[in-house]
């Protein structure tokens, strides 16, 4: 039996295992573990497009970014500060009952909220600053870098040249492109 015949035989055996119900999906037609369209529950549903928000009357980032001053955020950060200095103790019982584990889960969930808040702030800053320097969004695609760059530049686009703070945010090549583009912008 040649190597190709052995490989073909192995593939046929793997296909037979799917028909025997050894793989999720039952009949072997969906042996990759994905749920079929007829199966209910557990699947991702269509997520609607991000709603457009009008920030025209808003002048401050703090009026749209509520997470930093929220009570749940403060509580989680306080609990993290308590656990940072303490030595880890052995837990008894299921790990899900451990308060430190629950704090880790809450902190992980908080990272999603922080990311959403960052996206909201980025959109707000982009909408406001695009009037001054519309090309900056395409030059600095990272939202956090964009916000930091806007904070550093402000209304004075001449700050691009020889700016040490900007060099910590962007690469030298990006700073050069931003500087050249800033000198010719119509904003």
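Entry remark, the stretch 97-112: residues being in contact with a helix residue (DSSP H, G or I) (Cβ under 8 Å, 6 or more places away or on another chain) and either closer than 29 Å to residue 148 by Cα or assigned by TED's automatic domain parsing to the domain that holds residue 148 (or both) number 3 in total.
Among the candidates 139, 157, the residue that is more than 22 Å from the chain's Cα centre (by Cα), buried (at least 16 other Cβ atoms within 10 Å of the Cβ) and over 30 Å from residue 72 (Cα atoms) is uniquely 157.
Condition check ((1) modelled with pLDDT of 60 or more; (2) under 23 Å from residue 124 (Cβ atoms); (3) surrounded by 10 or more Cβ atoms within 10 Å (Cβ to Cβ)) across all residues:
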position: 43; (1), (2), (3): no, no, yes
position: 67; (1), (2), (3): yes, yes, yes
position: 82; (1), (2), (3): yes, no, yes
position: 88; (1), (2), (3): yes, no, no
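The values are calculated or read from the model by the stated rules, or taken from the named source; none is laboratory data. For clarity, every value in this text was computed on a predicted model and none was experimentally measured. Because the Cβ atoms are built from the backbone with ideal geometry, glycine has one as well, and the counts that use them run over all protein chains shown.
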